[in-house]
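J.: I have a structure here, written as structure tokens, and I will follow up with some questions on it.
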Amino acid sequence: MRFDVITLFPAMFSAIKDEGVIARGIKKSLLSIHTWQLRDFSDNKHRNIDDKSYGGGAGMVMQVEPIRRCITEIKQKKPNSKVIYLSPQGSKLTHQLAAEISQLDSITLLCGRYEGVDERIIEQDVDMEISIGDYVISGGELAAMVLIDSVCRQVPGVLGNQDSLNDSFADGLLDYPHYTRPEEIDGQKVPEVLLSGHQAKIDAWRKDQALKNTQLKRQDLISK
Ligand code: 4GN
């Protein structure tokens, strides 16, 4: 799967490209992440890509032309790339939506700064507007990285033996509790059943814990 990212801060993406699960996916040629410096698509010597907002008010708006030129260049390589804009106005990113996106071959992520992009980009160039949650952050980059990470976990081969099937939310429930050595610390014991070696019992306990966890912490997930 290929990601093309349009951003004013390409260096931020070293956070996911250089280490961890995504870096390994890149090494295995299952993933690639290409960043595009939007300023390279400016038409003036100052490399400006933004201008004042029509109607007034504080803050700058990202202009149509540089973004459209950049998308055109990406689509010369990947004509079917789906363009996603990260914004608080988007549909909420869920495990399910990440799974659907992971089926695509190529996506382009547009990262906004300032007051965001000219609305005509959203109308004509953007296929999907996605939000990572009901809060505002200073730029679309961190949101794009959250999306890339959640999508890449579900690309076959990126995690060892399909570990994402065990992720929280994969079955609509929260996770069960996890324990490792030592068996006892400061009087706190690992639940007996996990030491029993009886896998069916362990599976049943984990299922029950996941359900209880969800009931206790996220009643809204049960109601759905
Ligand atoms: C996305 C972008 C929050 C999200 C963002 C989100 C940059 N904040 N909830 N900040 O997914 C206005 C235009 C804010 C760019 C945008």
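The values are calculated or read from the model by the stated rules, or taken from the named source; none is laboratory data. Quick caveat: nothing in here was measured; it's all calculated off a predicted structure. Virtual Cβ from ideal backbone geometry, glycine too; neighbours counted across all protein chains shown.
J.: I need a count of the residues in the range 85-123 that are hydrophobic (A, V, I, L, M, F, W, C), touching a strand residue (DSSP E or B) at 6+ places or on another chain (Cβ under 9 Å) and farther than 18 Å from ASP134 by Cβ.
T.: Residues flagged as hydrophobic (A, V, I, L, M, F, W, C), touching a strand residue (DSSP E or B) at 6+ places or on another chain (Cβ under 9 Å) and farther than 18 Å from ASP134 by Cβ within the range 85-123 amount to 9.
J.: Also, quick follow-up: List, please: which pairs have Cβ atoms under 6 Å, are six or more places apart or on different chains, and start with a residue in the range 123-149 that is more than 12 Å from THR108 (Cα to Cα) and in contact (Cβ under 8 Å) with a residue 24 or more places away in the chain and end with one that is more than 8 Å from the ligand (Cβ to nearest atom) and assigned to a loop (DSSP other than H, G, I, E, B)?
T.: Listed by first residue and then by second, the contacts come to GLU141/PHE9.
J.: Of the residues that sit in the range 97-120 and are in contact (Cβ under 8 Å) with a residue 12 or more places away in the chain and part of a helix (DSSP H, G or I), which one is farthest from the ligand (Cβ to nearest atom)?
T.: Selected residue: ALA99.
So that you can scan it fast, the table gives a plain yes or no per residue for (1) away from the ligand (no atom under 12 Å from the Cβ); (2) surrounded by fewer than 16 Cβ atoms within 10 Å (Cβ to Cβ); (3) closer than 22 Å to ALA15 by Cα:
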| position | (1), (2), (3) |
| --- | --- |
| ILE130 | no, no, yes |
| GLU141 | no, no, yes |
| CYS152 | yes, no, yes |
| VAL155 | yes, no, yes |
| LEU165 | yes, yes, no |
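J.: For SER91, state whether it is loosely packed, with under 15 Cβ neighbours inside 10 Å, on the phi < 0 side of the Ramachandran plot and without any contact (Cβ under 8 Å) to a residue 60 or more places away in the chain.
T.: Answer is yes for this residue.
J.: What tally of residues in the range 54-68 results from selecting those that are surrounded by 15 or more Cβ atoms within 10 Å (Cβ to Cβ) and outside any strand (DSSP E or B)?
T.: Count: 5.
J.: Can you tell me how many residues in the range 94-124 are out of contact with any Phe, Trp or Tyr (no Cβ under 7 Å at 6 or more places or on another chain), crowded, with 20+ Cβ neighbours inside 10 Å and more than 18 Å from ASP51 (Cα to Cα)?
T.: Within the range 94-124, residues that are out of contact with any Phe, Trp or Tyr (no Cβ under 7 Å at 6 or more places or on another chain), crowded, with 20+ Cβ neighbours inside 10 Å and more than 18 Å from ASP51 (Cα to Cα) number 3.
J.: Continuing with the same structure: Any chance the range 71-81 includes a residue that's at pLDDT 95 or above and under 17 Å from ILE148 (Cα atoms)?
T.: Yes, there is a match, as at least one residue in the range 71-81 is at pLDDT 95 or above and under 17 Å from ILE148 (Cα atoms).
J.: Which condition breaks for PHE13 when tested against (1) touching a Lys or Arg at 6+ places or on another chain (Cβ under 9 Å); (2) assigned to a helix (DSSP H, G or I); (3) surrounded by 15 or more Cβ atoms within 10 Å (Cβ to Cβ)?
T.: Tallying (1) touching a Lys or Arg at 6+ places or on another chain (Cβ under 9 Å); (2) assigned to a helix (DSSP H, G or I); (3) surrounded by 15 or more Cβ atoms within 10 Å (Cβ to Cβ), PHE13 fails exactly one: (1).
J.: Does the range 36-53 include one or more residues that are surrounded by 11 or more Cβ atoms within 10 Å (Cβ to Cβ), within 16 Å of the ligand (Cβ to nearest atom) and within 28 Å of PHE169 (Cα to Cα)?
T.: no
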